[in-house]
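Everything below concerns the one structure shown next.
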Amino acid sequence: MAEDTSSPMDRFCGSTFWNATETWYTNDPDFTPCFEQTALVWTPCAFYWAFVIFDFYYLKASLDRNIPWNKLNVSKALVNLGLLVITALDLIMALVKKGGDSELPLYDLDVWGPIIKFATFLLVFIFIPLNRKYGVQTTGCQFIFWFLLTVLSIPRCRTEVRLDAERQKILNSQQPSEQDFSWEEYQFVSFFIFFTFTSIMLILNCFADGMPRQTKYQRGENEIPELSASFLSRITYQWFDKMALKGYRNPLEEKDLWDLRPQDSCSEVMPIFAHHWNQNVRKNYKNKARVEPKAQFSNGNVTFENPHGEKNGRKKGMASIMPPIYKSFGGVFLFGALMKLFTDTLTFAQPQVLSLIISFVEAQEAEPEWKGILYAVLLFVLAAAQTFILGQYFHRMFIVGLRIRTALINAIYRKALRISNSTKKESTVGEIVNLMAVDAQRFMELTTYLNMIWSAPLQIGLALYFLWQQLGPSVLAGLAVMIILIPVNGVIASRIKTYQIRQMKYKDERVKLMNEVLSGIKVLKLYAWEPSFEKQVLDIRDKEIATLRSTAYLNAGTSFLWSCAPFLVSLVTFATYVLIDENNVLDATKTFVSLSLFNILRFPLTMLPMLITNLVQTQVSVNRINKFLNSEELDPNSVLHDSSKPHPMSIENGEFSWGDEITLRNINIEVKKSSLVALVGTVGSGKSSVVQAFLGEMEKLAGVVNTVGKLAYVPQQAWIQNATVRDNILFGQTYDRKRYNKVIDACALRADIDILSAGDLTEIGEKGINLSGGQKQRISLARAVYSDADLYLLDDPLSAVDAHVGKHIFEEVIGPKGMLARKSRVLVTHGVTFLPQVDSIYVMKMGEISESGTFDQLVKNKGAFADFIIQHLQEGNEEEEELNQIKRQISSTGDVPELLGTVEKAIKLARTESLSDSISVTSADSLMGRGGSLRRRTKRQDSHDSVASAASLKKKQEVEGKLIETEKSQTGGVEFAVYKHYIKSVGIFLSVATLVLNFVFQAFQIGSNLWLTQWANDQNVANDTGLRDMYLGVYGAFGFGQVVTGYLSTLILSLGCVYSARYMHNVLLHGTLRWPMEMFDITPLGRIVNRFSKDVDTIDNTLPLNLRVVILQLFAVLATIVVISLSTPIFLAVIVPIAFLYYFAQRFYVATSRQLMRLESVSRSPIYSHFSETVTGASTIRAYNVGDRFIEESDAKVDKNQVCKYPSVIANRWLAIRLEMVGNLIILFASLFAVLGGQTNPGLVGLSVSYALQVTQTLNWLVRMSSDIETNIVSVERIKEYGETKQEAPWELEQDKNKPKNWPQEGHVEFQNFQVRYREGLDLVLRGVSFNIKGGEKVGIVGRTGAGKSSLTLALFRIIEAAGGRISIDGVDIASMGLHMLRSRLTIIPQDPVLFSGSLRINLDPFEIKTDDEIWKALELSHLKSFVKSLAAGLNHEIAEGGENLSVGQRQLVCLARALLRKTKVLVLDEATAAVDLETDDLIQKTIRTEFKECTVLTIAHRLNTILDSDKVIVLDKGQITEFASPTELLDNPKSAFYSMAKDANLV
């Protein structure tokens, strides 16, 4: 028998398995029946058995249970049953009809074929109820299995139909045939039933199952469609269409976003990570005493173990975050890696197919047409498969990145709540927040590229292998060029980096200066100093532009290397190849397959260096996070809670430290139940530390601390959250109206709350920015009172409030009759007033308790306490009646004469002070409804309190007349005008040049490639070396052209962008400094600074980069279209529909993605601000024991950020899949037309297909970058808007030049029926004021708050322009002069002294026109000479921002020195309120009286005694003059308003 020579497969089937003539070398290809029934059926089955493990994994990982039976899964089950029946029947029929007696032999196939199918279908069938039970709604493996099975059964359909037709012929031919066709007939029928059923299963598997009944997490109606999307919808991201459409129609808002997938939420990610982290920590301890269960979710809280461990456990090393990350998220990552491996292999299949297409075109006549079509389709299928798998790969990697970030942020947050103080001292809050903001973020960016570590070398290796096959060893020459370019690039990159760091430094300097200029803009305008500061800013900007210009040259270098690298490589390789050996001839296949392989090589070679730097950065981040997570924690056992002790709070023999030297020693304190204990002592004696010791915040070295009961704590620096006032007081407790109101009244908050715009629902800014110190302190106190704890630790809660408020609070809250009378309380205090009412007093000195007892005992002791009281009284901070009270208390103890003497002195001092004290006549008190008693302004600055309340009252009125305009957030597209503006600022010439050069560059590139095809197709080259050298030479020349134009185009564009950046910043600066003052009033400073920092930065760095990439890619796409159309003109017909598809995908994406990005960045900052808030308030959070609530809040904020982040990740994938499919269509049509269009030039075909292969990447980039441009061009729009805002009057006018140098000579000021308002639409502030002041007169201006005193001076300087009437100085109308002319000839000493950072000299004389002698003279007269002499740097002493390193008094004197230097005829003195101590005030008054004797002096007075000796007094009321006469005249008239003011101030 001849059959034995056949293969085992032939024997298995009983017929031939593979017949090449029938399948390949024919015009009508077909498979053998044996092949169709084995290979084509077993391939899908093998696939399913191989990957069924994933289905099991999904069952295990599912969070849901119990999908109800529905039409879909019932029909799946039924059809599957049908398939099982059919295959079983096949087996039975085979056993019945064949073998044994029948003449048909029974082959192995007849038995094993059905058995294999049956087993597979059974496995699939088992999964239907399993998936239903475990709530799995769709599985990919099954879909792919049915898909493969259906597609691979199609060839058999054709075969069976043909065989059937043949059988019919035989039966129809009249000869009675002997043959029995019953088996064949049966097979025909059974196969078609089988085929129908598989097709139905495929269709059923396109849909997802119903919703599960039980879900671990509540599924809202806003759930993410992905959860119940089918496999098909998932890989094409079709479920995202709804969002894309919605975002396209109108800008997305937060409510449009879907809920987070439960798998990605903190509550799922954290327990896994915590479990692995704790395991890792335990591994680090040698003593494995504590074996703890898995990290459990104890009512939603994850516990992290402290890697610092017990003191006894010896530590092996640091616990690292890496192993827990691998263990927690490694699975998904590995699956991703598997996908990456697939796509890498597919990438390399493409050049192989390309070579088949080229050889097909070369042998055009010999080959049948179907092969060409097959190759084209194969290329498309490869590309499409790659697209889908890559999409899933990136998606998976992003998810891993997001989860790692979630885990790290939460781990860092939980740790931050527990770090010890010594750890906290090592790093600033900013650094800790950076761990979260920068380091955790870095992981996210890395995960997508991490697989490149193995993938890049693999790709490089494979590419080299295939190249070697094409070109042999000459590949090494090309590789050498690539490798040489990497370090060159590296060097340039590091240079760019140094420039960038330098530019950042300049930028920071510039923004800091701008910030100061804008904060002090009013002063700059009053002094007419803007030009000096404008010059300073521009000087810094010039340095910045210089670095940008150097960067531009370097950038042109890198991008030139990139655009020319592929060309250089191919040139070198081909040159080497043809020159090594005469017999080496380039043909089309070699050329274009090599080119496409080189293109593949480019990506991994660029990625590797970037990846390595990224890895290094991430390693740094890992180390920082590890250091933080391993740092020392507070010892939770330092405070005991032993209820058997007699007193609720006690410390016995305590020794404590703040981590270094001992701070407190021998501390013994007992606080009896319901008693009030005071801690007193001088500053730095350790009072607050004792409170911290009770809280367990200090390191306990010895002794016992015991507290029993719930704690409440009021820190010295109030910690206020960014929430409403009510939330700050409730602090997580339920709202009980009665108790709440009681607390508010007791803490004297009622008046403040009434003043706030939305009452107690007013949002408080970060760090309590819109509250005064006293209000913060009282809210902090109210929080403690409301918490209704058992033990109260009050750390100097009365320091920031005014005396009478303090008294009220003591009586209502802290004291023996207050709300807390029944609680045990410890009060740290500086005030002496309340001490008589305390149960016992502990006096601290140098970290020890020097004495303790009641007030009376301690006074008798004449020890440290008596000293403390004397020292305190000498500071003179107390009010008169309080001193009397103390006096009574002391004299009742008898026998302490020296103390009584001090008290008497203090009383005298208080009396004299109250006379000269503040006279803001409607003192804020009457505002706050506390009677009209005049407020005595004490020297303590903290009493700004009521002023702040008054200010906030004004705010409230302004909310009705809205003050701050809300910023217009840009939505939707950007008008063309903005682009036009930008192009204009770059310069028309440069813009055109860029486009032309890019065009020429592409032309050279296409030219060089067409030349290559010409060369490859030329048959004569083989014999003629001269011809060969000519080809090589021209190819090189084309290359040279590319190099030059490529470099120039990038350079010109970069330089153009630099010019534009410079121009735009100048416009912005010029415009902003010339704004009228009212613009600064309605625009928040941060918003202006943002223009100068972020928007200018975008124009400096981001936009040029985007533009460069977009222009390059745009021309590349055009080039591709041109090349393909050259080779196959019919391609142009397809371009139009493809372009439409592309355009739609792009429009939808840009609109949606841009808004998602905005939402994401808006939702990201709350995470960090909440975190930094937590770090600052950690001790308060621990004291109240609400850590868990804060952790939950943080988790919620992270989740909310993920809600915005996840869709933007998906939007990227959605777009990528769609664009790449557009690209794949281009590949398909390019190759199809090449094959079908009868194109005979193999070189051209190779060229067009290799161009097409690259187009997907380019298209992808193009959309990304153009949408980035749209996002960033907004910066141009905003800068343009600020540069074009309304300006104030011109600074210089021509006619000013002919005024004399020393104008005004007399200083004669006249107001004529003058009216003014602050802004359009507001009421008049001055309503027709007329008065006349002769040269040299001294005039005081008095009036209640809001009477228009300051408006008078502002009008004199034209900070606000007249609404009617006129002001003339020496007979000249001031409205007719340039602003600088006017302002530089008047002098003002402003109310709040503003200094700028820079030398003292710049602060006195910014234009540097005065000599040293003049400056020293001014300093001497302003009593600063000795101080400046004592400084090392003298006049060049650097002043900190805002003058922080000088005292308030000194700042005031510097302003006086400025005035003395200018010495003009008219001086305006806006008197400082309570900020200045009396001493400085007297100095200023004295100097002014002597130095400005000849000048006209206008004084805006807050204290009457300073203007009693002036020539005239103006009394203003409601914007009109009520009295204008000399003070003596007014005081003689008891009916005058001036008299009543003087009476109030005890001056008469």
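The distance linking the stretch 1358-1375 with the stretch 317-346 is 75 Å (Cα centroid to Cα centroid, whole angstrom). Using just its DSSP H runs of length 4 or more, each adding -39500 (n - 2.57), the chain gives a mean residue ellipticity at 222 nm of -20500 deg cm²/dmol after division by all residues. Full extension of the chain between Ile983 and Ala1196 gives 72.2 nm of extra length, using 0.36 nm per residue less the Cα-Cα distance. Projecting the Cα atoms of Leu1219, Asn1201, Gly1246 onto the charge dipole of the stretch 1160-1279 (Cβ charges, centred on the Cα centre) puts Gly1246 farthest toward the positive pole. Calculated FRET efficiency, Leu374 to Tyr1063, Cβ-Cβ distance, R0 = 60 Å: about 0.55 to the nearest 0.05.
The long axis of helix 475-519 is offset from the longest Cα principal axis of the chain by roughly 20 degrees. In this view, the solvent-accessible surface of Ile389, computed with a 1.4 Å probe and all protein chains in place, comes to about 40 Å². Between Asn1332 and Asp1188, full extension at 0.36 nm per residue minus the direct alpha carbon distance yields a gain of 44.9 nm.
For the stretch 1119-1259, the dipole from Cβ point charges (+1 on Lys and Arg, -1 on Asp and Glu) about the Cα centre works out to 240 debye, to the nearest 20. Accessible-area rank, largest first, for Glu1160, Glu1444: Glu1444, Glu1160, with all protein chains present and a 1.4 angstrom probe. Dimensions of the stretch 84-143 based on its C-alpha atoms, expressed as ranges along the principal axes with the largest first, amount to 52, 16, 11 Å. In this label model, Asp581 and Glu431 are separated by 6.3 nm, measuring between points 7 Å along each Cα→Cβ vector. Compared with the direct C-alpha span, the chain from Ser1526 to Lys1543 gains 4.4 nm at full extension, assuming 0.36 nm per residue. In this calculation the C-beta distance from Arg1147 to Gln1295 is compared with R0 = 35 Å, giving a FRET efficiency of 0.05.
Shown are Trp1261, Trp529, whose ranking by accessible area with a 1.4 Å probe and every protein chain present, most to least, is Trp1261, Trp529.
Which residues among the stretch 662-684 fall inside the zone where the amide N is under 20 Å from a point 7 Å beyond the Cα of Glu811, along Cα→Cβ? Hits in the stretch 662-684 for Glu811 at 20 Å: 676.
A 1.4 Å probe, protein heavy atoms only, puts the accessible area of Val1468 near 0 Å². Taking Cα atoms only, the orientation of helix 71-97 departs from the longest principal axis of the chain by about 20 degrees.
Dipole size of the stretch 1308-1419 about its Cα centre, with +1 on Lys/Arg Cβ and -1 on Asp/Glu Cβ: approximately 380 debye, rounded to the nearest 20.
Here the accessible area is traced with a 1.4 Å probe on the protein chains. For the stretch 974-1096, carbon and sulfur cover 68 percent of it.
Centre-to-centre, using Cα atoms only, the stretch 1432-1462 and the stretch 1028-1086 are separated by 42 Å. Under 17 Å from a point placed 7 Å out from the Cα of Leu554 along the Cα-to-Cβ direction: which residues of the stretch 1081-1114 have their backbone N that close? Only 1100-1102, 1104-1105 fall inside the zone, counting backbone N under 17 Å.
Rounded to the nearest 20 debye, the dipole magnitude of the chain is 2480 debye, with +1 charges on Lys and Arg beta carbons, -1 on Asp and Glu beta carbons, and the Cα centre as origin. In the context of the full set of protein chains, the chain has a per residue accessible area of 43 Å² (1.4 Å probe).
Positive end of the dipole of the chain (Cβ unit charges, origin at the Cα centre): among Leu450, Thr1098, Pro1534, the Cα lying farthest that way belongs to Pro1534.
In this view, the solvent-accessible surface of His276, computed with a 1.4 Å probe and all protein chains in place, comes to about 30 Å².
Ranked by solvent-accessible area (1.4 Å probe, protein heavy atoms only, all chains present), the residues Leu83, Leu1322 order from largest to smallest as Leu1322, Leu83. Here r is the Cβ-Cβ distance between Trp18 and Lys60 and R0 is 25 Å; the resulting FRET efficiency, rounded to 0.05, is 0.05. Absence of a disulfide-compatible partner, taken as no other cysteine beta carbon within less than 4.7 angstrom, is noted in the chain for Cys45, Cys141, Cys157, Cys206, Cys266, Cys564, Cys747, Cys1057, Cys1204, Cys1455, Cys1495.
Axis of helix 266-283 versus longest Cα principal axis of the chain: the two differ by about 90°, to the nearest ten degrees. With both labels modelled 7 Å from their Cα along Cα-to-Cβ, the Leu163 to Thr1176 distance reads 8.3 nm.
Heavy-atom surface analysis with a 1.4 Å probe gives the stretch 645-790 a carbon and sulfur content of 48 percent of its accessible area. Here the simple spin-label model places points 7 Å from the Cα toward Cβ, and for Arg1319 and Asn27 these points are separated by 8.6 nm.
The values are calculated or read from the model by the stated rules, or taken from the named source; none is laboratory data. Small disclaimer: the values here were computed from a predicted structure and weren't measured. Quick reminder, even Gly has a Cβ in these numbers, built from the backbone with ideal geometry, and neighbours come from all protein chains shown. Areas reflect the complete protein model, heavy atoms only, side chains present, ligands, DNA and RNA absent. Shrake-Rupley method; radii C 1.70, N 1.55, O 1.52, S 1.80 Å.
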